[in-house]
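First up is the structure itself, then whatever we jot down about it.
The values are calculated or read from the model by the stated rules, or taken from the named source; none is laboratory data. Keep in mind that what you see is a predicted model, and the values were worked out from it rather than measured. A quick note on method: Cβ atoms are made from the backbone with ideal geometry, for glycine too, and the neighbour counts reach across all protein chains shown.
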Amino acid sequence: MLLIERYLPKVVLMEDAHAQKVQEKLLKIILVITCVIAAFTVGLAWFDMLPFSSLYTEILALYTLLNMFSYYALHKGYIQYSFTVNFLMFFSLVTFAMMSAEVNYDALRMLWFFLLSFAAYILGGKWYGVGVSVVIVSIVAVSLLIVDLHLSHYEIFTFFASFIAFSAFAFYFLWKIHIDNQTFQAHIDQEIIKRQTQEQILLRHQRMVHMGEMIDAIAHQWRQPLMQGNMILLNMQEELDNTTYIEEKIDALSKLNQHMSQTIDDFRTLLHDQKEKKVFGLKVCMMEVATLMTYQLKNIDIIYDIQEKEQILGYKNECIQVMIILLSNASDALIYRKIHAPKIIISHKKDKQWIQIEVLDNAGGIDEAIRKKLFDPYVGTQHKEKATGLGLYIAKIIVEETMHGILSVSHAEEGAKFIIKLKRQDANT
């Protein structure tokens with residue numbers, strides 16, 4: 001055993017875990033087939049149906065027991081795959097070498113060496129197969145020098161020529177598979193990089209879209225304070241002598257300025273990427289979303305079914321961005337279909353593993369043909385004339401790749417229900 005491990009190349013395992021399991025299963029099948037054939041042959045020899053010598057019959061019986069032991073030990077995990085392959089090869093070489101000398105009346109006995117070489121290529125890889133094939137050629141060559149194998153010169157030539165051709169074909173076949181796998185893997189890696197690059201471009205594009213929407217929201221939120229400030233300034237011109245009035249209006253202008261400044265800060269915070277997870281209140285987060293979308297949701301009844309103390313450990317800005325996309329989608333559907341008494345219900349559920357955020361509207365639901373591919377890029381729900389169809393696609397990317405959750409949609413009684421499932425953290429403990 002030490003000799004074969006020393007002089008043969010190492011057994012090559014597949015890189016993929018699934019392929020390794022297939023490789024190990026194949027080894028077990030070969031061991032079972034070997035045991036069955038060897039045991040059957042020993043049985044025939046014991047009943048004098050095959051003219052084997054007692055020594056070769058005993059060696060064949062021992063070979064059967066050793067393969068049965070190898071299968072059991074491999075199945076239980078007592079020995080490793082590589083050791084089992086070397087174990088099988090070593091005792092097969094010894095058994096077949098003795099067979100070639102003992103059973104000299106059977107010219108077809110040399111075919112067993114072909115099967116052994118084939119098993120070596122399949123179980124150990126191309127270079128391992130070459131190593132075993134070289135050992136087989138050496139054993140047969142030495143046997144021809146010291147023992148009469150009862151083979152004609154033509155039979156000897158045919159064996160060596162066909163065996164070398166077989167080994168060359170097996171080596172080329174495995175080499176070609178290896179090259180093709182490398183080429184295929186390179187294409188997969190390129191496609192992954194291409195897809196990631198496209199996603200980054202889409203994310204940047206969607207962020208620009210959000211920035212435009214936010215600027216529009218800021219304009220709407222600033223319009224009323226600016227009008228109030230302008231009215232205060234006009235009134236102050238008429239009351240320049242009234243010190244108390246002037247002080248009150250200056251204070252009012254200061255509050256308006258703080259409100260406008262806070263609006264800018266809220267939107268700037270939303271555009272910044274968070275690098276660390278932080279604990280934040282779920283209901284507070286939803287209220288901030290509603291504040292940012294005050295103008296867009298002004299005629300829609302927003303119902304919160306969320307506990308005040310419910311907290312999440314994660315990226316708050318990403319959560320806000322996803323909720324803005326979902327609420328914008330629901331709002332667009334409600335406006336597009338001119339729903340009477342439009343409403344959006346934001347609720348949550350939880351169990352030991354998940355926190356589930358649900359956004360439910362009463363806009364009538366989503367067509368089944370669209371629902372199946374709703375999260376694909378450039379699909380969308382087609383409520384906006386200028387929609388890019390990227391919103392829900394981006395939301396799914398953020399939820400699944402950044403927040404490590406699941407985003408799905410289903411039909412509800414009155415409309416569509418979007419569900420965000422996030423793995424529970426220790427925020428509430």
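Structural remarks
- Out of Leu93, Leu44, Leu50, sole residue that is assigned by TED's automatic domain parsing to the domain that holds Ser133 and within 29 Å of Val134 (Cβ to Cβ): Leu93
- From Val103, Val132, residue being of a type outside the set (Ser, Thr, Tyr) and modelled with pLDDT of 90 or more: Val132
- The set of residues in the range 112-152 that are of a type in the set (Ser, Thr, Tyr) and more than 41 Å from the chain's Cα centre (by Cα) comprises Ser138, Ser143, Ser152.
- In the set (1) over 29 Å from Thr158 (Cα atoms); (2) touching a Leu at 6+ places or on another chain (Cβ under 9 Å); (3) modelled with pLDDT of 90 or more, the condition left unmet by Tyr81 is number (3).
- Residues considered: Phe157, Phe169, Phe173, Phe163. Of these, the only one that is crowded, with 17+ Cβ neighbours inside 10 Å and not assigned by TED's automatic domain parsing to the domain that holds Met89 is Phe163.
- Residue within the range 124-143 that is under 17 Å from Tyr56 (Cβ atoms), in contact (Cβ under 8 Å) with a residue 12 or more places away in the chain and in the same structural domain as Ala17 (by TED's automatic domain parsing) present: yes
- Single condition Leu26 does not satisfy, out of (1) under 15 Å from Ala120 (Cα atoms); (2) assigned to a helix (DSSP H, G or I); (3) aliphatic (A, V, I, L, M); (4) at pLDDT below 90: (4)
- Residues of the range 329-348 classified as crowded, with 20+ Cβ neighbours inside 10 Å and closer than 30 Å to Lys277 by Cα, total: 5
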